[in-house]
1. Confirm whether Leu126 is assigned to a strand (DSSP E or B), modelled with pLDDT of 95 or more, open to solvent by less than 80 Å² (accessible area, probe 1.4 Å) and among the aliphatic types (A, V, I, L, M).
2. Is it true that Asp140 is surrounded by 15 or more Cβ atoms within 10 Å (Cβ to Cβ), more than 30 Å from Ile195 (Cα to Cα), among the acidic types (Asp, Glu) and modelled with pLDDT of 95 or more?
3. Which of the residues belonging to the stretch 97-116 are over 24 Å from Val53 (Cα atoms), out of contact with any Phe, Trp or Tyr (no Cβ under 8 Å at 6 or more places or on another chain) and buried (at least 16 other Cβ atoms within 10 Å of the Cβ)?
4. Which condition number in (1) of a type outside the set (S, T, N, Q); (2) in a helix (DSSP H, G or I); (3) closer than 22 Å to Ala308 by Cα is the one that Ala189 fails?
5. Test of understanding: among Ile335, Ile311, Ile325, which residue is in contact (Cβ under 8 Å) with a residue 12 or more places away in the chain, among the aliphatic types (A, V, I, L, M), open to solvent by 50 Å² or more (accessible area, probe 1.4 Å) and farther than 18 Å from Val210 by Cβ?
6. Go through the stretch 72-112 residue by residue and tally those that are touching a Pro at 6+ places or on another chain (Cβ under 6 Å) and either within 12 Å of Asp152 (Cα to Cα) or part of a loop (DSSP other than H, G, I, E, B) (or both).
7. Could you tell me which residue of the stretch 1-30 is least open to solvent (accessible area, probe 1.4 Å), considering only residues that are in contact with a helix residue (DSSP H, G or I) (Cβ under 7 Å, 6 or more places away or on another chain) and either of a type in the set (Asp, Glu) or free of Cβ contacts under 8 Å to residues at least 12 places away in the same chain (or both)?
8. How many residues are touching a Ser or Thr at 6+ places or on another chain (Cβ under 7 Å) and not small (Gly, Ala, Ser) when one looks only at the stretch 236-294?
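The values are calculated or read from the model by the stated rules, or taken from the named source; none is laboratory data. All values reported here derive from a predicted model rather than from experimental measurement. Please note: Cβ atoms are built from the backbone with ideal geometry, for glycine as well, and neighbour counts cover all protein chains shown. Only protein heavy atoms, including side chains, enter the accessible area calculation; ligands, DNA and RNA are left aside. Shrake-Rupley method; radii C 1.70, N 1.55, O 1.52, S 1.80 Å.
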Amino acid sequence: MRHRIFHAEGHLIDSRIVSDILNTVLREQGDYRILRFDVGKTPAETSRMELEVEGRDTQHLQHIADLLTQLGVFERSVPSAVLESADADRHAPTHFYSTTNHRTEVFFRGKWHEVLDQRMDAVLVLKEQPDRFVCTKLRDLKRGDKVVCGSDSVRVYPTAAAVRRDEFSFMSNEVSSERSDHVAVDRAARALMNIKRKNGKAVVVCGPVVIHTGAGNDLGDLIKRGYIHGFLGGNAAAVHDLEVQFFNTSLGVDASTGAVVEHGHNHHMRAINIIYGYGSIEEAVRAGALKGGLMYDVITSGIPWCLAGSIRDDGPLPETVNDMIEAQRQYAQIIEGADMIIMLSSMLHAIGTGNMTPSWV
């Protein structure tokens, strides 16, 4: 078989997905013929395309089909999902389907099923009665779990350009050293206000630079006023916030004058030691020893929070989660249902959070 018929639906033109689809076929040395193209004429209307794709042989055509699936393209005649059982804990069948962070559906027993707990780099496991397909990390796979294999029964919906045109579009490329960041800040603020108005959920991933630049109190103010509903960070963000509260320095630099303080390089270690004297940051708050700062605002506001450890941590603080699997679990739990995630100068924790975040957030 050298020819197969595919369908694509969505904001194909605005998002340039149609170009990606056709270029993918040609890049892989296949050929195509557009059989039908119904163009959506308004932002609310989607476009539909029917495409005949040709390959050198069945294997070559399947390779192209696998790539097209990642762009939200599915076949006109879709087979029911092929399921194979895991033969051991943490070991998937050889041809398991590896997920993206885009909205995904699986065709099974005559109907499409939307995938739950969408995230990238997972396998799809069938949970029966009723039929549900759930994104599952390899480490959570159990012997006997029924895993989706191949991509023929899977369709993916990449995020449409219509979404990228709204208030979140500032994240793309509008801020640089040559441009004013006021537009980006204004849009971020309006997005937060809109989320709060709708009783939505915004989560912050915070790095220590927020503290070093003196912005900890501003972020704390947003938390106190109910704009932030979850806090993620690493050991360092909390350590240097505590250093500011106990010694008015951050990395040994005076928070008021910007001058390097004599022996200030050890202030963060002394801050960690103070916390261990109370047993935890929360206990220091209860005892009245910690009376302000970002971590104080996080704790007293009652929002969920997690500090994930890393190999470079000093201390670490008592509440820092050093089991990476447990830290990932807590991060994933805190971002569940988020409408917006603001990532502030922590590449490690931001990328980690991004890997477990659906593309529509």
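1. Criteria met by Leu126.
2. Yes: the conditions hold for Asp140.
3. Answer for the stretch 97-116, where residues must be over 24 Å from Val53 (Cα atoms), out of contact with any Phe, Trp or Tyr (no Cβ under 8 Å at 6 or more places or on another chain) and buried (at least 16 other Cβ atoms within 10 Å of the Cβ): just Asn101.
4. Ala189 satisfies every listed condition except (3).
5. On the way: Ile335 fails: open to solvent by 50 Å² or more (accessible area, probe 1.4 Å); Ile311 fails: in contact (Cβ under 8 Å) with a residue 12 or more places away in the chain.
Only one candidate qualifies: Ile325.
6. 3
7. In this case the residue turns out to be Glu28.
8. 7
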